[in-house]
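K.L.:
Sharing a structure with you now.
The values are calculated or read from the model by the stated rules, or taken from the named source; none is laboratory data. Note that the structure is a prediction, hence the values are computed from the model and not measured. Don't worry about glycine lacking a Cβ; one is built from the backbone with ideal geometry, like all the others, and counts go over all protein chains shown. What goes into the accessible areas is simple: the full protein's heavy atoms, side chains included, and nothing from ligands, DNA or RNA. Shrake-Rupley method; radii C 1.70, N 1.55, O 1.52, S 1.80 Å.
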Amino acid sequence: MNFIDAVEFSYRLTFSHFDLAAWVWATFAFLFSFFVLGLFWGLMWNRKWGFFGHAPSAVLSFVFALILGAVALCWFGAHRASAWVEEQRAILASQLANSGTINQEALRNAWAKLQPLGGQKDMVALDEGGNELRLNSEPDAKVLAHCAAAAVKTPLLRSGPFAFGAPCYIRDPAAVAEDVVAAVTAPAYPVIVSPANEWSKAAITSQVTTAIESANRSLSTPLQSLKTALLWLGLVLLCIQVVLVPICALNDIKENPKL
């Protein structure tokens, strides 16, 4: 993820998830720039200073204020992004592991792979209303875990930080299946399972964990760079206003001297 991607991610996250503190500070930055620096700071140099009758300066102050507000909003988005992404670990793991659609897809794919081997001959086919799968051995369980680990990629891309542009990396489904079967307590085979089974859930949870950890690593450096750049940009904007407004106010005195 590069710098531009980090900016886009920060704004998409901010506008998709309302953050009161971010909007309050962005509003404060706008008002401070527009009124405190654009108006009251000018009045300290020229008692006749004001927005009415000084349209170019008023427009310039408004533009500066808008940019400063946008900078503040983006900074808060970048600041809170890492914590928000980490929160998605438990949320997405629960949502996707308990998703009937994903679990059903995994079961169907496992059925398609195991049926030619003859282990499902006395089971009702899924396309005929069946909703169960027989696991006759550990290799069958690996097939199911493999299918579940592979089925989660597309839903992940539409969820959480990945929907806002965070890179989504997951492990090889075969490696996940090996780990899941080794971690799940071995049952007495054969065992009949439904879509919501422990192998599928464990495989999905493992993939979500990997994806979130990878996203956090990918986002960490760009977001930190973005925060630093935005901080400097905000300071530069404030300094320009601090210098520019008095110049405009004093020039106004020269151009329109008091009688």
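K.L.:
On the basis of being open to solvent by 30 Å² or more (accessible area, probe 1.4 Å) and closer than 22 Å to Ala166 by Cβ, does Arg12 make the cut?
P.N.:
Here the answer is yes, as Arg12 does meet what is asked.
K.L.:
Continuing with the same structure: Taking the stated definitions as given, is Leu114 surrounded by 18 or more Cβ atoms within 10 Å (Cβ to Cβ), assigned to a helix (DSSP H, G or I) and at pLDDT 85 or above?
P.N.:
no
K.L.:
Here is a follow-up. Condition (residue is in a helix (DSSP H, G or I), more than 25 Å from Ala29 (Cβ to Cβ) and at pLDDT below 90) applied to segment 242-250: is it met by at least one residue?
P.N.:
Yes.
K.L.:
Considering (1) over 24 Å from the mean Cα position of the chain (by Cα); (2) buried (at least 19 other Cβ atoms within 10 Å of the Cβ); (3) closer than 30 Å to Glu132 by Cα; (4) at pLDDT below 95, say which one Ser194 fails and leave the rest.
P.N.:
The single condition Ser194 does not satisfy is (2).
K.L.:
Taking segment 44-68 as the region of interest, how many residues are in a helix (DSSP H, G or I) and either in contact (Cβ under 8 Å) with a residue 24 or more places away in the chain or crowded, with 18+ Cβ neighbours inside 10 Å (or both)?
P.N.:
9
Here is a yes/no grid of residues against (1) touching a Gly at 6+ places or on another chain (Cβ under 8 Å); (2) within 30 Å of Gly160 (Cβ to Cβ); (3) at pLDDT below 95:
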site	(1), (2), (3)
Leu37	no, no, yes
Phe40	no, no, yes
Arg47	no, no, yes
Phe52	no, no, yes
Val63	no, no, yes
Ser82	no, yes, yes
Val85	yes, yes, yes
Ala93	no, yes, yes
Thr101	no, yes, yes
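K.L.:
Which of the residues belonging to segment 206-253 are surrounded by fewer than 16 Cβ atoms within 10 Å (Cβ to Cβ) and more than 34 Å from the chain's Cα centre (by Cα)?
P.N.:
Correct list: Val242, Val243, Ile247, Leu250, Asn251, Ile253.
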